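J.: Okay, here's the structure, questions in a sec.
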Ligand SMILES: Cc1ncc(COP(=O)(O)O)c(C=O)c1O
């Protein structure tokens, strides 16, 4: 199988035993998959997706990468940097008016040379259509856009995490660990879709559980399944079925808003393991991980740290993320 790819991430990312967290939670064995350390800017999980999205864009002869997200979007900032390293333009759509205070990911995207477009739509859920409209506009002007939905959630974007499932399998085998439960944050669904595709396709037996941070569980599970099947098909792997997609509703008070449990989760991760978790994704996923362990989830369990450094720091500094 040879799919277009450009190297961005430093792989494999570490798989580390979290013994202090085990003691704090009175559970274990617990491992952390450190995709906050993918090593391309502060892209976290999005570095793996962008290896294949930018690879496909280059392969198609595109000259402009078009993406969209909220101002807190890690994907948008990472896309801007990834486009830049292959000499491609990047146009990013954000909802609403330009921000009155700087947000780290918007500033990163700007610093990487992306063209930022505010105000095309009012809300996040209108962005995917707006990206397609913007791509048509660019095409009419003679440009060659490669447009992706929010989070880069396509079958191609999932390829990186299908391979990450194999990476985890190899690390578990080397460490003689038989992982049973894998928990991660799910936003647009592309990361979980890739992981499910790779888990099933490469014959792994752990259960992947997504903490849905912004959408109800049922539609999210349907979306993850659709993406996972398309991702598996493009790799020639066996396609997953519905009962292999496990999504839990972890929205709590809302996207980017923390519950008391989420604050405890961030504190535990930082105090015991030196892990920085953000309010949008990591803290909610850790709350689910803790709740699952308390309820007797099978171990060894892996918490997949997906990054979110910019938002985590912004919150600590009391600014906008
Ligand atoms: C830090 C972090 N974790 C998890 C996710 C969720 O990934 P996905 O959108 O592929 O579901 C994102 C998405 O932007 C993210 O930035």
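J.: Does residue 252 satisfy being within 15 Å of the ligand (Cβ to nearest atom), over 23 Å from residue 31 (Cα atoms) and assigned by TED's automatic domain parsing to the domain that holds residue 204? Can you show your working first?
T.: Numbers: within 15 Å of the ligand (Cβ to nearest atom): no; over 23 Å from residue 31 (Cα atoms): yes; assigned by TED's automatic domain parsing to the domain that holds residue 204: yes.
In short, no.
J.: When only residues in region 262-280 that are free of Cβ contacts under 8 Å to residues at least 40 places away in the same chain and in a loop (DSSP other than H, G, I, E, B) count, which is farthest from residue 27 (Cα to Cα)?
T.: 277
J.: Read through the list (1) surrounded by 16 or more Cβ atoms within 10 Å (Cβ to Cβ); (2) assigned by TED's automatic domain parsing to the domain that holds residue 279, then give the number of the only condition that residue 8 fails.
T.: In the conditions (1) surrounded by 16 or more Cβ atoms within 10 Å (Cβ to Cβ); (2) assigned by TED's automatic domain parsing to the domain that holds residue 279, residue 8 misses (2) alone.
J.: Is it the case that region 107-126 has a residue that's loosely packed, with under 14 Cβ neighbours inside 10 Å, within 13 Å of residue 80 (Cα to Cα) and touching a helix residue (DSSP H, G or I) at 6+ places or on another chain (Cβ under 6 Å)?
T.: Yes, region 107-126 contains a residue that is loosely packed, with under 14 Cβ neighbours inside 10 Å, within 13 Å of residue 80 (Cα to Cα) and touching a helix residue (DSSP H, G or I) at 6+ places or on another chain (Cβ under 6 Å).
J.: Go through 192, 218 for me and flag whichever is assigned to a helix (DSSP H, G or I) and in contact with a helix residue (DSSP H, G or I) (Cβ under 9 Å, 6 or more places away or on another chain).
T.: Details: 218 fails: in contact with a helix residue (DSSP H, G or I) (Cβ under 9 Å, 6 or more places away or on another chain).
Just a single option satisfies the conditions, and that option is 192.
J.: Scan region 22-38 and tell me whether some residue there is modelled with pLDDT of 95 or more and more than 30 Å from residue 274 (Cα to Cα).
T.: For region 22-38, residues modelled with pLDDT of 95 or more and more than 30 Å from residue 274 (Cα to Cα): absent.
J.: Still on this structure: How many residues, within region 243-252, are surrounded by fewer than 16 Cβ atoms within 10 Å (Cβ to Cβ) and touching a helix residue (DSSP H, G or I) at 6+ places or on another chain (Cβ under 6 Å)?
T.: Going residue by residue through region 243-252, those that are surrounded by fewer than 16 Cβ atoms within 10 Å (Cβ to Cβ) are 243, 249.
Add one more test, that the residue is touching a helix residue (DSSP H, G or I) at 6+ places or on another chain (Cβ under 6 Å), and what stays is 249.
Adding up the residues that qualify gives 1.
J.: Right, another one. If only one of 164, 135 is assigned to a helix (DSSP H, G or I), under 17 Å from the mean Cα position of the chain (by Cα) and surrounded by 18 or more Cβ atoms within 10 Å (Cβ to Cβ), which one is it? Please lay out each step first, then the result.
T.: Working: 135 fails: under 17 Å from the mean Cα position of the chain (by Cα).
That would be 164, the only listed residue that is assigned to a helix (DSSP H, G or I), under 17 Å from the mean Cα position of the chain (by Cα) and surrounded by 18 or more Cβ atoms within 10 Å (Cβ to Cβ).
J.: Here is a list: 270, 288, 277, 313. Which entry is within 16 Å of the ligand (Cβ to nearest atom) and at pLDDT below 95?
T.: 313
J.: Are any residues in region 178-195 more than 16 Å from the ligand (Cβ to nearest atom) and touching a strand residue (DSSP E or B) at 6+ places or on another chain (Cβ under 7 Å), and if so, which ones?
T.: 179, 180, 181
J.: Oh, and also: Quick test for you: out of 162, 130, 175, 147, pick the one residue that is within 16 Å of the ligand (Cβ to nearest atom), over 18 Å from residue 36 (Cβ atoms) and either touching a residue at least 60 places away in the same chain (Cβ under 8 Å) or touching a strand residue (DSSP E or B) at 6+ places or on another chain (Cβ under 9 Å) (or both). Spell out the reasoning first.
T.: Numbers: 130 fails: within 16 Å of the ligand (Cβ to nearest atom); 175 fails: within 16 Å of the ligand (Cβ to nearest atom); 147 fails: within 16 Å of the ligand (Cβ to nearest atom).
Unique residue meeting the criteria: 162.
J.: Name the residue, out of 44, 39, that is outside any helix (DSSP H, G or I), away from the ligand (no atom under 13 Å from the Cβ) and at positive phi.
T.: One residue alone meets the criteria, 39.
The values are calculated or read from the model by the stated rules, or taken from the named source; none is laboratory data. Only a predicted model underlies this, so the values are computations on that prediction, with no experimental measurement involved. Note: ideal-geometry Cβ built from the backbone for every residue, glycine included; neighbour counts use all protein chains shown.
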